[in-house]
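For reference, the structure is listed below as structure tokens.
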Amino acid sequence: MKQRIFNTLLMLGLVVALSACGNTNDENSNASNNVNQEKGATEEQGVTEKPAETQVEFEKGVFIDLEKENNPLLNEQIKEILKKNLDAQVNLDEEAFRSTFKDSKTADAFMGTFGGEYKFTKIYNISEDKTKEQILVNVTGEMLRDDAIEEAAITYYFAADADEKWSIVAID
């Protein structure tokens, strides 16, 4: 008799457990159907949504007013070359980027720095390396990498050739 009661209670427990699981699955199924219906309606309207964590607002561009920079080390040639290089970087214009270097070999050496999403905001420092006869210009801003905004700092090394024509000889 005890065995029969035990078996009956065990069967009753299994029936209750299975019923509960069935209801949960129905609720999950209904919730899943509702999500799929909403998603389908959105896709039909031609709208695709990204998950919130991958939507990063980032305005790329060059936001440095080089005309307001009055450091005597930053002559007009250097300003023009720097602006051209920064614009080329932001607009992914490889030809313009390469044209700011001393020669094609130097440009080739620094093509690893080309590309990405940049926002240049400030000239942090301008200095002179008298031993190498170079002008160093530190530019700061932000870059977008892997859906995250990071601080960016780049140093441009400028040198003049024998004809006093300035160009970029290195980027760090």
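The values are calculated or read from the model by the stated rules, or taken from the named source; none is laboratory data. Since this is a predicted model, take the numbers as computed values, not measurements. Every residue, glycine among them, receives a Cβ derived from its backbone with ideal geometry; neighbour counts consider all protein chains shown. When the accessible area is computed, the model is the full protein with side chains, heavy atoms only, and any ligands, DNA or RNA have been set aside. Shrake-Rupley method; radii C 1.70, N 1.55, O 1.52, S 1.80 Å.
Is it fair to say N125 is in a strand (DSSP E or B) and in contact with a Leu (Cβ under 9 Å, 6 or more places away or on another chain)? Against the criterion (in a strand (DSSP E or B) and in contact with a Leu (Cβ under 9 Å, 6 or more places away or on another chain)), N125 qualifies.
Scoring A107 on the criteria (1) free of Cβ contacts under 8 Å to residues at least 12 places away in the same chain; (2) out of contact with any strand residue (DSSP E or B) (no Cβ under 9 Å at 6 or more places or on another chain) leaves a single failure, condition (2). F114 meets all of the listed conditions (1) surrounded by fewer than 12 Cβ atoms within 10 Å (Cβ to Cβ); (2) modelled with pLDDT under 95 but one, namely (1).
For K132, the conditions (1) more than 22 Å from A162 (Cβ to Cβ); (2) part of a loop (DSSP other than H, G, I, E, B) are fulfilled apart from (1). From the list F120, F97, F158, the lone residue that is assigned to a helix (DSSP H, G or I), on the phi < 0 side of the Ramachandran plot and surrounded by 13 or more Cβ atoms within 10 Å (Cβ to Cβ) is F97.
Residue pairs, Cβ under 7 Å, 6 or more apart or interchain, first in the range 149-172 and free of Cβ contacts under 8 Å to residues at least 12 places away in the same chain, second of a type in the set (D, E) and open to solvent by 20 Å² or more (accessible area, probe 1.4 Å). List them. Within 7 Å, the pairs are E150/E142; E151/E142.
Filter the range 59-76 down to the residues that are over 18 Å from D129 (Cα atoms) and open to solvent by less than 90 Å² (accessible area, probe 1.4 Å) and list them by number. Working first, answer last.
Restricting attention to the range 59-76, the residues satisfying the condition of being over 18 Å from D129 (Cα atoms) are 59-70, 76.
If the condition is that a residue be over 18 Å from D129 (Cα atoms) and open to solvent by less than 90 Å² (accessible area, probe 1.4 Å), then K60, G61, V62, I64, D65, L66, E69 are the ones that fit.
Checked against (1) within 16 Å of G61 (Cβ to Cβ); (2) open to solvent by less than 30 Å² (accessible area, probe 1.4 Å), T140 meets all criteria but (2).
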